[in-house]
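Some notes on the structure that comes next.
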Amino acid sequence: MNLRGKTLFITGASRGIGLAIAKRAAADGANIVIAAKSAEPNPKLPGTIYSAAEEIRAAGGQALPVQVDIREEEQVRVAIAQAVLTFGGIDILVNNASAISLTGTDQTPMKRFDLMHGVNARGTYLCTQACLAELKKSAAAGRNPHVLTMSPPLSMKTHWFAPHTAYTMAKYGMSMCTLGHAGEFREFGIAVNSLWPRTAIATAALQMIPGVDLKACRTPEILADAAYLVLTSDAKDQRNTGNFYIDDTLLAAHGQTDLDRYAVTPGNRKFIPDFFVD
């Protein structure tokens, strides 16, 4: 099974992990809807929906760049309508867009709290809700629909909350969507899963966090390859829904244990661990 001719709606696909997933799917000849805010170049965060579209087309896929803030319901629904008009439907939703602030309670203004919850939990819920009708059509047509959310396994341990309660709440909100929607959509033949990295991933956004050594990270391609395995699995198989996958564990289950090519520094074995992985 591959992604040729499938249409993926990917939030936050203008750069980083979202773009890597898009380009991996494009290599099969997939259609990619780039749903992101970045329409103008930003020197601190390189990449726009238009530069992403060029990369996706160069990788072998079709691309539809759509400027959208996933906190805004009307913008999301307009983007989905454009996707359907252009490609005929939506087969896969990747909830990748996310906001982060690793701050304690007294350092997290409510504006930042609202941003994280609006993008992470509410945005994931909204995009899933808005794509649902098209995903049901995809299931009825036997096109193997999936929802994949880039969020961690749920672990109700104090040490994952205490340093940054607001962020953890918002990120776990995305995972709670996976937990609930996997059960809710099972009857339709729509698979819903989460994927999370074991190590920190070298992205432009990560560079903005003080003290992070990108040389001790892995590249976004590890998540792209892991996501590909999820999105090409049989959505009707009950074993393939409701999972909280960790990238290296999933790859190992498919026989890929040599992960050196994903290291920013070849040969490195001491990676920065990501959050939320016990």
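The values are calculated or read from the model by the stated rules, or taken from the named source; none is laboratory data. This structure is a prediction, so every number in the text was calculated from the model and none was measured. Don't worry about glycine lacking a Cβ; one is built from the backbone with ideal geometry, like all the others, and counts go over all protein chains shown. Please note that ligands, DNA and RNA were not included when accessible areas were found on the heavy atoms of the full protein model with its side chains. Shrake-Rupley method; radii C 1.70, N 1.55, O 1.52, S 1.80 Å.
Quick one: what are the phi-derived ³J(HN,Hα) couplings along the stretch 269-278, Karplus 6.51/-1.76/1.60 with θ = phi - 60°, whole Hz, x for glycine and proline?
Working through the residues one at a time gives 10, 10, 9, 6, x, 7, 6, 6, 9, 6 Hz.
What percentage of the solvent-accessible surface of the stretch 125-192, computed with a 1.4 Å probe over protein heavy atoms, is contributed by carbon and sulfur atoms?
Roughly 60 percent of what the probe reaches on the stretch 125-192 is carbon or sulfur.
Going Cα to Cα from K236, which lysines come in below 18 Å? Please leave out same-chain ones fewer than 8 positions away.
K6, K136, K137
Between A27 and residues 5 or more places away or on another chain, which pairs have amide H atoms under 5 Å apart, with H built 1.01 Å from N, and which residues are they?
So A27 has HN proximity to no qualifying residue.
What nm distance separates the two modelled labels at A252 and V212, each placed 7 Å from Cα along Cα→Cβ?
Once both label points are built, they end up 2.4 nm from each other.
Keeping the other protein chains in place, figure out the carbon and sulfur percent of the accessible area of the stretch 1-107, with a 1.4 Å probe.
Result for the stretch 1-107: 48 percent of the exposed heavy-atom area is carbon or sulfur.
Amide H to amide H, which residues 5 or more places from V192 or on other chains are under 5 Å from it, using H placed in the peptide plane?
Here the answer is V147, G242, since their amide H atoms fall under 5 Å of that of V192.
Give me the extension gain from T232 to A204: residue separation times 0.36 nm, minus the current Cα-Cα distance, reported in nm with one decimal.
7.3 nm
Which of the trypsin sites (Lys or Arg not before Pro) across the stretch 150-196 are loop residues per DSSP, with 11 or fewer other Cβ within 10 Å?
Those that pass, being in a loop and sparsely packed, are K157.
Separation between the K137 and I272 pseudo-spin-labels, each 7 Å from Cα along Cα→Cβ, expressed in nm?
4.2 nm
Can you give me the accessible area per residue for the stretch 202-278, using a 1.4 Å probe, in Å²?
I get 53 Å² per residue for the stretch 202-278.
What accessible area per residue comes out for the stretch 55-178, rounded to a whole number of Å², with a 1.4 Å probe?
44 Å²
For the chain, list the DSSP H helices whose alpha carbon atoms reach 20 Å or more along the long axis and whose average Kyte-Doolittle value is 0.5 or above?
73-87
What ³J(HN,Hα) values, in whole Hz, does the Karplus curve 6.51 cos²θ - 1.76 cosθ + 1.60 give for the stretch 33-44 when θ = phi - 60°, with x put for Gly and Pro?
9, 8, 9, 8, 7, 6, 10, 10, x, 10, x, 7
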